[in-house]
Amino acid sequence: MATLTHQESVTAEYLEVSPSARKKFILIIVAGAIVLAIGLLLAALGIGAEHHEGAAAAHEATSHGAGPAAGHHGSPAWLKRLIVSLWHNNVFFTGVSAIGTVFMAIQYVAYAGWSVLIKRINEALSAWLIPGLALMIGIFLISLINHDIFHWTMPGIMEKGNENYDAIIAGKSGFLNLPFYLIRMVLFLGLWAFFTKRLRDLSLAEDLNGGTEYFHKSINVSALFLVIYAVSSPIAAWDWVMSVDTHWFSTMFGWYVFASWWVSGIAAVTLCTIFLKQAGYLRFVKEGHLHDLGKFMFGFSIFWTYVWFSQFMLIWYANLPEESVYYNQRLGGFDGRYTWMFFGNLVINFVFPFLVLMTRDAKRQMIMLKIVSIAILIGHWSDFYLMLMPGTMKAENGFIIEIGTALVFLGAFLLLMTKRLSQASLVPVHHPFLDESVHHTT
C-alpha cells in the first residue's frame, strides 16, 4: 500500500518499486534480447526468409525513380532490419513519451481539475525523451553508413550529373540535408525535454512550498510549449517517418502521426493508472477519472480513423502516381505482404476500441480499459511498423527481430518511468485543484 506522511496529510502517496517489479522489467529486456538474437540468427541464415526481388525492385524503382540508385540494397537484410527496427521503436516510444508532457500542458492551459491525480503519471511518461534523443542521433548516424533508412542520404543523389542523381529528391535539398536535419532533430527533442523538465521542476517546487505561484508559472510554460510542439511535431513526423518514402508526400501526415502518438500516450497513461490502482496506490482515483480516460481513448481512436480515412480516401480517389504509390505498396505491393496488416490496423485501432468502449459502463471498468489500452498500444506500434517497413525493407520484412527490439525498449522504458514515479509523491499535494480532482465524478 501507499506510504503516508503526517506532514503532507492523507493525500500523499509514494510509490515503492519493489525488487520483484524491477526484476520483471529486466526480464522483459532479457526476453527481448533473446528473441532479438534468435531473429538475427534466423535472418542471417536465411531461415524463413521470403525474398521477392522482382517485386521489391519494381517498387523501389516506382518509389525512388529508375536508375542506379533504385537498385541500392544497403546492409545485409538482417542488419538492415535491426537498424530499421531500432529506428521504428525509438520513434514510437519517444513520441509516446512526449505525449505525457503534451497531455499535462493541455490540462494546465484548460484549467482542468479532474486530471490532477494522474499528473505525476504524465510527468513520468516523459522520462524517455533524453534517452530517445541520444538513440535517435546514434541510430541515424549508423544508418548513414549504408543508407539503410533514408534514401535521400545516398551520396550524389542531389548532384546533377551523378549516376545516383534524382531530380525530385534534389528539389527537396533545401529541407532534406544532413546538417539541417540533425539540427531539427536535436532542437525539437531538446525543446521537448527542456519544457518537460521545467514543468516537472515547477511541480516539485509546488509540492515543497505550496501556493499558487508555481501553478500560474506552469500555465505560461505549458502555453509556450504547446505552440512549439504544434509546430515541431508535424515536422518531426515528416523528418522521422515520411522522408523514408522520399518521393511521396501527404499534407495530412503530420496530423496522422500525431493522432497515433496521442492515442497511444493516453492508452499508456490509462494502463499505468490502472496498474497503480490495482497495486493499492492512487486510492483517490475513482470511476469518474477512469471514465474520462476511457472517453479520451474512445474519442481519439475515432479521430485517428478520421485522419486515416481522409488521407487514404483523397489519395486513392485522385489516383495520382506520385501519391498512390504509398498505398499500392501497402495494399497489394510486394505480393500482398502488408495487406493483412493494413486492414488489421483499422480493426485493432478503430473497430475494437469503438465497439468495446461504446457503453458508459465499459469506460468505468478497469479490465475493459486495460484490454483496450494494450490493444491500442500494440495497434499503433503496428501502425508505425506499416509506415516504415515498406519504404525501407520492401519485401524483406519480418517480425521476430522487431518484436525482440520492442521488448527491449519496453523494459527500459518501464524502468525509467517507474524510477521517476518513485521520486515524488504520486499525488501533487499542493496543487490548487487537488480537491476538485479528489471529488471528481462523471
Discussion item. Can you compute the helix-only [θ] at 222 nm over the chain? Use -39500 (n - 2.57) per DSSP H run of at least 4 residues, normalise by all residues, nearest 500 deg cm²/dmol.
Written reply: -22500 deg cm²/dmol
Worksheet, complete the sentence: Computed over the range 100-180, the Cα gyration tensor eigenvalues, each multiplied by 5 and square-rooted, give semi-axes in Å (largest first) of 42, 16, 7
Response to the item:
Per the C-alpha gyration tensor (a ≥ b ≥ c, the square roots of its eigenvalues), the range 398-442 is rounded if a/c is under 1.5, else prolate if a/b beats b/c, else oblate; here it's oblate
Worksheet item: In the chain, which whole DSSP H runs stretch at least 24 Å along their own axis (Cα) and average 0.5 or higher on the Kyte-Doolittle scale?
Response: 19-45, 77-109, 178-209, 213-240, 253-278, 287-318, 366-392, 400-421
Practice prompt. Quote to one decimal, in nm, the extra length available between ILE302 and THR251 on full extension: 0.36 nm per residue of separation minus the C-alpha distance between them.
Written response: 16.4 nm
Worksheet item: What translational diffusion coefficient, in µm²/s and rounded to a whole number, does the Stokes-Einstein relation yield for the chain at 25 °C and a viscosity of 0.890 mPa s, taking the hydrodynamic radius as the Kirkwood radius over Cα pairs?
Response: 107
Item to complete: Quick one: compute the contact order of the range 79-438, relative version, from alpha carbon pairs under 8 angstrom and 6+ residues apart, as a percent.
Response: 29
Item to complete: Kindly report the accessible area of the range 79-438 per residue (heavy atoms of protein chains, probe 1.4 Å, no ligands, DNA or RNA), in Å².
Response: 36
Worksheet item: So which residue, out of VAL91, VAL30, VAL257, gets the largest mean-square fluctuation from a GNM of the chain using Cα contacts under 10 Å as springs?
Response: VAL30
Item to complete: Take the alpha-carbon positions of the range 269-347, form their convex hull, and give its projected area averaged over all directions (one quarter of the hull surface) in nm².
Response: 7.1
Fill in: the range 134-193 versus the range 347-419: alpha-carbon centroid distance in Å
28
Item to complete: Report, in cubic angstrom per residue, the convex hull volume of the C-alpha atoms of the range 185-295.
Response: 144
Worksheet entry | Relative packing of 393-404, 119-130, which averages over residues the other C-beta atoms within 10 Å, highest first | 119-130, 393-404
Worksheet item: In the Gaussian network model of the chain, springs joining C-alpha atoms below 10 Å, which of GLY299, GLY161, GLY411 carries the largest mean-square fluctuation?
Response: GLY161
Worksheet item: Given a cut-off of 23 Å, what percent of all Cα-Cα pairs of the range 267-399 lie beyond it?
Response: 43
Discussion item. Within the range 79-438, what whole-number % of the accessible surface is contributed by carbon and sulfur, with the 1.4 Å probe and all protein chains included in the calculation?
Written reply: 71
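The values are calculated or read from the model by the stated rules, or taken from the named source; none is laboratory data. Because the structure is predicted, anything quoted here is derived from the model rather than measured. Quick reminder, even Gly has a Cβ in these numbers, built from the backbone with ideal geometry, and neighbours come from all protein chains shown. To get the accessible areas, we keep the full protein, side chains included, count just its heavy atoms, and leave off ligands, DNA and RNA. Shrake-Rupley method; radii C 1.70, N 1.55, O 1.52, S 1.80 Å.
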